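Student: This structure is in structure tokens; I'll ask about it shortly.
Please treat every number below as a calculation from the coordinates, not as lab data. Since we're looking at a predicted model, the values are computed, not measured. All Cβ positions, even for glycine, are placed from backbone atoms using ideal geometry, and neighbour counts span all protein chains on display.
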Amino acid sequence: MRVLSQEGRRDRIAAVEIRPARDDDRLPLAVLFAAVAEERDGIASEPPVDVEARAASWTIEGTLLAEAGGEIVGSIHVDGSRFGYGELGMLVAREWRGRGVGSALLAAAIEWAREQGLHKLCLSVFPHNAAGIALYRKFGFVEEGRRVEQIRRESGELWDTVEMGLRL
């Protein structure tokens, strides 16, 4: 797959492959997770992240990843329930955002979920994550509600989450 930068400049084109995660991807996935957590604004987890423990507990089934030049630059996980829906969680390395990686991961996850017979996907996103919300809307996700003061941050702040869903 070819992914263009946000600016669409040909000199920033990079080949990105979307593939299922393997057992040997656990550590690089955990390192990516720790890097995104370090930003303190995109995911609920914050540093410090115990990378080894995270790697050991990573659920490979339902995880797809984006790989560029042998490096994992993004991942998406679909946690399927026995009730027919799946919950999404996605990470994209900062330097790869706005270049189509999130779109490629989301498209692959939707296809995977349909193949698994799921009828719906849902996710939680912070209200300040305008780029994420726009991406999810582009794929047909709709806002289904808001959880007020849902996530307690290390600072003591309480952050809302926007709940979104997509009927497959």
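Student: With Cβ to Cβ distances under 15 Å as the rule, what net charge do the other residues near Asp160 carry (K, R +1; D, E -1)? Before the final figure, lay out the partial values.
Tutor: Working: positive: Arg146, Arg147, Arg152, Arg153; negative: Asp41, Glu143, Glu144, Glu149, Glu157, Glu163.
Around Asp160, the charge tally is -2.
Student: Using +1 on the beta carbon of Lys and Arg, -1 on that of Asp and Glu, and nothing else charged, what's the dipole of the chain about the Cα centre, debye to 20?
Tutor: On the way: 22 positive and 27 negative charges, 137 e Å.
I would put it at about 660 debye.
Student: Can I ask one more? Report the Cα-based extents of the range 29-109 along its three principal axes, largest first, to the nearest Å.
Tutor: 34, 29, 25
Student: Using the membrane-span-like helix rule (whole DSSP H runs, Cα extent along the own axis of at least 15 Å, mean Kyte-Doolittle hydropathy at least -0.5), which helices of the chain qualify? Walk me through the numbers on the way to the answer.
Tutor: Values: long enough: 26-38 (18 Å, 1.55); 101-115 (21 Å, 0.78).
Span-like helices here: 26-38, 101-115.
Student: For the chain, what does -39500 (n - 2.57) per DSSP helix run (n ≥ 4), summed and divided by total residues, give at 222 nm, in deg cm²/dmol to the nearest 500? Don't skip to the end; give the middle numbers.
Tutor: Working: 4 runs with 44 residues, N = 168.
It comes out at -8000 deg cm²/dmol, rounded to the nearest 500.
Student: Give the relative contact order (percent, whole number) for the range 32-99; include only Cα pairs under 8 Å separated by 6+ residues.
Tutor: Details: 78 pairs, mean separation 17.4, N = 68.
Relative contact order of the range 32-99: 26 percent.
Student: Mind putting a number on the dipole of the range 45-93 about its Cα centre? Charges go on the C-beta only, +1 for Lys and Arg and -1 for Asp and Glu, and I need it in Debye to the nearest 20.
Tutor: Values: 2 positive and 8 negative charges, 34 e Å.
The dipole magnitude comes to about 160 debye.
Student: Would you mind checking the radius of gyration and Dmax of the range 2-167 based on alpha-carbon positions, in Å?
Tutor: Using the Cα atoms of the range 2-167, the pair Rg, Dmax is 15.6, 46 Å.
Student: Could you tell me the relative contact order of the chain? Use alpha-carbon pairs under 8 Å, at least six residues apart, and round to a whole percent. Before the final figure, lay out each step's value.
Tutor: Working: 296 pairs, mean separation 31.1, N = 168.
After rounding, I find 19 percent.
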